[in-house]
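Below is one structure, written out as structure tokens; comments come after it.
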Amino acid sequence: MTDQDRNISSSFAKGLAVLAVFDAATPTLTLAEIARRTGQDRATARRGALTLVQAGYLRQQGRVLSLTPKVLALSGGFLQANHFGRKIQPVLNRHAASLDAEITLATLDQGRVLLLAQSTVEHAPITYGFTAGAHIPLVHTSLGRMLMACLTVEDAAEVLAHAEIPRHTEQSLTEPAQILSRVSLARERGYAVTDSEFETGIVGYAVPVSRPGQTPIVVGSSSPRGVSPAQDTERSLRALQVCAAELRQSQALAEL
């Protein structure tokens, strides 16, 4: 056992794993389902879940458990400490209004795209209803492709090797070599574009915010395929690049 291992609380880590299994697809879970999804035995999952109920982070109703609003306090400290409300949200909102489309800020989290923030713009043509803290697929979204492009060639291949590759649409790429080729192209160009791979008829755009060597962070947007695809792409990418440049200049994301 290393010194680092001695300083780690396995019980605490297992409790955090219990919190992480709840998502939009499974807002309520039984103890048996929690044990299966975390890979813990029933007794360990039960102790972790009931501890979280006692602490107020989970609610138990009969056999099922669900998250409580108290979990928002965990992310609230992060968002406030990094000035999301003052330095990041206004930038996203302003550029989204000029683009007339939502803009999303995202990073990489255990083989998935983690949304850090999203603009609020009225009458946007595409609104998926995702919020900060939500996960979306990595492989078939422009955000995910650009995040992988922010990694080295070796690290991107490693992430893809452990990622799920479902077929969302007929256009979804499923061959790892093809996907890595698109990632390499995004790395070379400095932007990623996906067309109908996550949802039919929807084009996704993403550009990097982080600098090489930093935690991968990107901004992206989506729109219906228009009558002038080249012009739509140029306009969307230009707006995202200006948005990314302003976020970099603010230094709000430099320590993430």
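Overview of results
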quantity	calculated
Where a residue in region 105-116 is of a type in the set (V, I, T) and its partner, wherever it lies, is open to solvent by 30 Å² or more (accessible area, probe 1.4 Å) and assigned to a strand (DSSP E or B), with Cβ under 6 Å and at least six apart	T107/L114
Counted residues, region 227-237 - those being out of contact with any Phe, Trp or Tyr (no Cβ under 8 Å at 6 or more places or on another chain) and surrounded by 14 or more Cβ atoms within 10 Å (Cβ to Cβ)	2
Test: residue in region 242-251 that is part of a helix (DSSP H, G or I), under 18 Å from the mean Cα position of the chain (by Cα) and without any contact (Cβ under 8 Å) to a residue 40 or more places away in the chain	yes
Top-ranked residue in region 205-219 [being in a strand (DSSP E or B) and over 13 Å from L116 (Cα atoms); ranked as most open to solvent (accessible area, probe 1.4 Å)]	P208
Residue within region 154-174 that is in contact (Cβ under 8 Å) with a residue 60 or more places away in the chain, touching a helix residue (DSSP H, G or I) at 6+ places or on another chain (Cβ under 7 Å), of a type in the set (V, I, T) and not in a loop (DSSP other than H, G, I, E, B) present	no
Only listed residue being over 21 Å from F130 (Cα atoms), out of contact with any strand residue (DSSP E or B) (no Cβ under 7 Å at 6 or more places or on another chain) and open to solvent by 60 Å² or more (accessible area, probe 1.4 Å), chosen from Q241, Q249	Q249
Candidate set: region 179-196, residues that are out of contact with any helix residue (DSSP H, G or I) (no Cβ under 7 Å at 6 or more places or on another chain) and under 23 Å from C243 (Cβ atoms); chosen: the one surrounded by the most Cβ atoms within 10 Å (Cβ to Cβ)	D195
Only listed residue being open to solvent by 30 Å² or more (accessible area, probe 1.4 Å) and at pLDDT below 85, chosen from Q110, Q118	Q110
Residue that is under 22 Å from T233 (Cα atoms), in contact with a Phe, Trp or Tyr (Cβ under 7 Å, 6 or more places away or on another chain) and hydrophobic (A, V, I, L, M, F, W, C), where the choices are V203, V207, V183, V139	V207
Selection status of L105, modelled with pLDDT under 95 and not in a loop (DSSP other than H, G, I, E, B)	no
Residue list for region 17-37, filter: open to solvent by 40 Å² or more (accessible area, probe 1.4 Å), part of a helix (DSSP H, G or I) and either among the aromatic types (F, W, Y) or modelled with pLDDT of 90 or more (or both)	E33, R36, R37
Odd one out for A157 among (1) touching a Leu at 6+ places or on another chain (Cβ under 9 Å); (2) exposed (fewer than 15 other Cβ atoms within 10 Å of the Cβ)	(2)
Residue ID - most open to solvent (accessible area, probe 1.4 Å), chosen from residues in region 45-88 that are under 21 Å from A134 (Cβ atoms) and in a strand (DSSP E or B)	R59
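Yes/no per residue for (1) without any contact (Cβ under 8 Å) to a residue 24 or more places away in the chain; (2) part of a helix (DSSP H, G or I):
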| residue | (1), (2) |
| --- | --- |
| L143 | no, yes |
| M146 | no, yes |
| S181 | yes, yes |
| T194 | no, no |
| T200 | no, no |
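The values are calculated or read from the model by the stated rules, or taken from the named source; none is laboratory data. What you see is a predicted model; the values in this text were computed from it and never measured. Please note: Cβ atoms are built from the backbone with ideal geometry, for glycine as well, and neighbour counts cover all protein chains shown. The protein model used for the area step is the full one, side chains on, heavy atoms only, and it has no ligands, DNA or RNA in it. Shrake-Rupley method; radii C 1.70, N 1.55, O 1.52, S 1.80 Å.
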